[in-house]
Amino acid sequence: MKVCFMCDLHLPFDGNALQYNILNWAIADIKKKEPDCIVYAGDVTCDGDINVYNEFILEMKAIGIPFFYIPGNSDLRNSESADEIKKMASECKNIVADSVVYALNDCDMKISDEQLLTIEDADENSIVFMHHPLETHEIKTREKLKAWREKHSGTMLFSGHRHRSLTEGNSVSLQAMDPDKAIGENPCITYFDTKTKEFNKVYYFSPVPGDLYGYFGISCYDVERDIEFAIENKLKCLELRSYCFKTDKARLSELVEKWRNVCGENLSIHLPEILYKDGEVIPGVQLDELIDLAVLLKADRFTQHAPKVSVKIAKEDENVLNSICDYLAEKFNLIEHDVVIGIENMHMTKNDTPDDSRRFGYIPEECLMFMEMLGRKTKHKVGINFDIGHARNNVPYSQKYQISTWLSMLGKYIVGYHMHQVTVENGKFENHMPITHIYGNLISYSSFFRYWAEDRINKAPLIFEMRPEGAYETTLNTFNRHKQKKVFDIHSHTYYSWCGKDDPRELIEAAIKNGISLFGICDHNSGIGKRKAEYLEEMRALAEEYKDRIKLVCGIELATTGKRYNLTSPDEIKDFDYCLIEHITYSDSIVGGDVFDFCKKHKILCGIAHTDLFEYCDMYGYDYEDFFRKMAENNIFWEMNVSYDSIHHYQEHQYVKDFMTDENKIALVKNSGVYVSIGFDGHRLEDYDAYRVHEMYDFLKGKGIKTIDEILG
């Protein structure tokens, strides 16, 4: 039996948020792969919205595949609907094919004695799922579960809630689907085969966008040190803090001019807090000095926090916000050159309570209100400076307004970003920390990357705002590890192949969005036929068009069985960048036992596609080491085919799996010097799973194996 596991999607009220894209993507994947049942292990909603919960259940049931579900703790966050949602769960015992699926409704960290008694019948062919991991249940339930687990160690037990993958024996913690909270890797759904006990994760993949790096900048807590750091690292954006006016003006001008001459493009000044008290606007004491400094340095933009005034006061007296905006507009209008003003969202603190006594500017609607009001009063452009960390460190408002929701609501108004990690120690949130992992721990940037790549938010200066010494270096190192990757996929099919259907331009755009640096379109010769000149001309034109965004190469795939090898002369393909040769282990392949002679006569860079070359050696009596060494000498490369799509019936190549787990084979290939390529072998754009390509790239580079990008790149 094949089971699809889902959990922790945290759907918000905003139907445009990325969580809904992920739901649609997951449903489409499930319909294609047709598991025997679907299991949802809790946390459908982010805040217990019962309408969202009901719509989700209806949509999942409409797929027509047995669906078992339980709520999670976040589904109980609305006190008015918590009891009703708590009751909305599948029966505890569910029979599917030759297996039993047990659903434990533990949304409140308790499991009834009735359900605990029911799972006493669970055996090694059963699946038990709950929302909370065993150790997070209330103490009585925890002890009873531990006793059950000791007696049923062979039963597969699944849970959600942790937001990250973790396997301990037969206990499995499932990766979250929420792009804002999935820790350690991209959000995903997980398929599990009860017979083989194999897992297959399918990711909603969001790599770091290739153009993101050009918008990086830092906020200067130590003016001299940090500007020099920006120059050394060629950061195009720079932000001066409000106390920078204390720095000697001549020295500050010298540093900024040096930065501009080397790399600087966008200078921002972070303005002080502005308050309203006893009927008066109270600006930061240095506001006038900073306005003068902006004129001196020709600053490009300002960041201004939402005003420090309570929601209650802002609601009761409409003149409060108007007065603040009038004051700021008067100051900004003194600046003759164009500047951009970004209103920054704020977050809850230990001094706030979640009512009207809290500070204004903690939710998107308030930030938009202030932005629009100020925009009507100043001649300069006013937008939102979105602080991602502030949006996440904003309990309880972060439950309703997740990062994705902020991005969805504010995306077209954003003129800048503040980026940092938030950590939690002993229940205390720490802001402005370095980013050591792009997918967590508290903040995953998966949704931000996807919004950026799909142009759903404005591309604007992205300022790292971090206080600990060394935080900027740590953060840039994290991103540089991704920037240095030059992931490649040189096996993709278009409508030139009889089995393909996609426009090559759409494939190239998808490759760019998925972080592919070198992309090879390699259609079947049997499909191209007499259109080789047309095919090559189109690919060369596209390579020129996209040269600033991706390296495009053009190959051709040669079938070697029967009449499917239909070249009249090898010269027909001499102008291509490479060819992939397939089917050489088939009994009717014209290659036979001399692949070297076959490749040599084609006078082109050749690779062997989706073939177990160890099997080929066994067929024709080659010594493994001699064969791969000769491959290297003849400049023939070997493809790691990571296909997993509808055309190939979602079958993985066993030779690839065997190779990745056999250290002897890995060492042999590495020592031979043979080049290895990666190909998803895509035939349907909707099936393209770039994560598998990235995963193989990381594996090959990590093992020190030569890869084909060293030649084609």
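The values are calculated or read from the model by the stated rules, or taken from the named source; none is laboratory data. Given the structure is predicted, the values throughout are model-derived calculations rather than measurements. Note that we place each Cβ from the backbone using ideal geometry, even for glycine, and neighbour counts take in every protein chain shown. Please note that ligands, DNA and RNA were not included when accessible areas were found on the heavy atoms of the full protein model with its side chains. Shrake-Rupley method; radii C 1.70, N 1.55, O 1.52, S 1.80 Å.
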Whole-angstrom gap from region 596-629 to region 105-152, using each part's C-alpha centre: 54
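Using the beta-carbon distance between Lys412 and Asn51 and R0 = 30 Å, what value does 1/(1 + (r/R0)^6) give for FRET efficiency, to the nearest 0.05? Write down the numbers at each step before the final one.
Values: r = 26 Å, r/R0 = 0.87.
Computed FRET efficiency for Lys412 and Asn51: 0.70.
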Report the extension gain between Glu663 and Glu273 in nm, rounded to one decimal, defined as 0.36 nm multiplied by the number of residues separating them, less their alpha carbon distance. 134.5 nm
Just to be sure I understand the model, the point goes 7 Å from the Cα along the line to the Cβ. What's the resulting Asn16 to Tyr243 distance in nm? 4.0
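To the nearest 20 debye, what is the magnitude of the charge dipole of region 335-484 about its Cα centre, counting +1 on the Cβ of each Lys and Arg and -1 on the Cβ of each Asp and Glu? Walk me through the numbers before you get to the answer.
Details: 17 positive and 17 negative charges, 60 e Å.
Approximately 280 debye in magnitude.
Note the full-extension length gain between Asp288 and Lys379 as 0.36 nm times their separation in residues minus their Cα-Cα distance, in nm to one decimal. Intermediate results must be reported in sequence, preceding the final value.
Values: separation 91, 0.36 × 91 = 32.76 nm, distance 1.80 nm.
Additional length available on full extension: 31.0 nm.
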Hits in region 411-438: amide N under 20 Å from the 7 Å Cα→Cβ extension of Thr474, namely 418-438
With all protein chains present and a 1.4 Å probe, the order of Trp25, Trp406, Trp498 from largest accessible area down is Trp498, Trp25, Trp406
Given the protein chains as shown and a 1.4 Å probe, how many square angstrom of Asp618 are accessible, to the nearest 10? 100
Return the percentage of antiparallel bridges among DSSP beta bridges fully within region 1-107, rounded to the nearest 5 %. 30
Relative to a virtual label point 7 Å from the Cα of Asp355 in the Cα→beta-carbon direction, which members of region 297-325 show backbone nitrogen distances below 19 Å? 309-317
Signed unit charges on C-beta, dipole axis of the chain, positive-most listed residue Asn233, Ala559, Thr303: Asn233
Determine the percent antiparallel among the DSSP beta bridges restricted to region 85-171, to the nearest 5. 40
So what's the gap between the Cα centers of region 635-667 and region 3-45, to the nearest angstrom? 29
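Length gain on complete extension for the stretch Arg467 to Glu232, per 0.36 nm per residue less the alpha carbon to alpha carbon distance?
Separation in residues times 0.36 nm, less the Cα-Cα distance, equals 82.7 nm.
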Using a cut-off of 11 Å between beta-carbons, work out the net charge of the residues near Gln421 (Lys and Arg +1, Asp and Glu -1, Gln421 not included). -1
With 20 Å bins from 0: P(r) over the chain, alpha-carbon pairs, percent: 16, 41, 33, 10, 0
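I want to verify the translational diffusion coefficient of region 461-519 in µm²/s; compute it with Stokes-Einstein, Rh as the Kirkwood radius over Cα pairs, at 4 °C and 1.567 mPa s. Please report the intermediate quantities before stating the final value.
Working: Rh = 14.3 Å.
Translational diffusion coefficient: 90 µm²/s.
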Region 169-203 and region 273-291 have their Cα centres apart by a whole-number Å value of 51
Links exceeding 28 Å between C-alpha atoms in this model, out of Lys93/Lys197; Lys400/Lys486; Lys33/Lys195, come to Lys400/Lys486
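Out of region 35-113, which GluC sites (Glu not before Pro) are coil in DSSP terms and have no more than 10 other C-beta atoms within 10 Å?
Details: sites: Glu55, Glu59, Glu80, Glu84, Glu91; in loops: Glu80, Glu91.
Here the GluC sites (Glu not before Pro) that fit, given the DSSP loop and packing criteria, are Glu80.
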Spin-label pair Glu545/Ile647, simplified geometry with 7 Å Cα→Cβ offset, distance in nm: 2.1
Can you spot the aspartates and glutamates whose alpha carbon is less than 18 Å from Lys532's alpha carbon? Ignore those fewer than 8 places along the same chain. Asp502, Asp503, Asp523, Glu557, Asp571, Glu572, Asp575, Asp577
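Can you give the FRET efficiency to the nearest 0.05 for Lys459 and Lys603, using r as the Cβ-Cβ distance and R₀ = 56 Å?
Details: r = 45 Å, r/R0 = 0.80.
Result of the calculation: an efficiency of 0.80.
Is there a pair in Lys87/Lys181; Lys501/Lys530; Lys2/Lys483; Lys630/Lys701; Lys86/Lys459 whose C-alpha atoms are over 30 Å apart, and which pairs would that be? Numbers along the way, then the final one.
On the way: Lys87/Lys181 26 Å; Lys501/Lys530 18 Å; Lys2/Lys483 37 Å; Lys630/Lys701 22 Å; Lys86/Lys459 42 Å.
Where the Cα-Cα span goes over 30 Å, the pairs concerned are Lys2/Lys483; Lys86/Lys459.
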Within region 545-581, whose backbone N sits under 20 Å from a point 7 Å along Cα→Cβ of Met619? 557-567, 579-581
How high is the FRET efficiency from His337 to Arg564, r the C-beta distance, R0 51 Å, rounded to 0.05? 0.15
In nm, spacing of pseudo-spin labels at Ser526 and Glu120 (7 Å Cα→C-beta vector): 6.1
Sort region 170-245 into rounded, prolate or oblate with this rule: let a ≥ b ≥ c be the square roots of the eigenvalues of the Cα gyration tensor; rounded if a/c is under 1.5, and if a/c is not under 1.5, prolate when a/b is larger than b/c, oblate otherwise. prolate
Between Asn525, His131, Ile189, whose Cα lies farthest towards the positive end of the dipole of the chain when Lys and Arg beta carbons carry +1 and Asp and Glu beta carbons carry -1, centred on the Cα centre? Asn525
Nearest 5 percent is fine: what portion of the DSSP beta bridges confined to the chain is antiparallel? 25
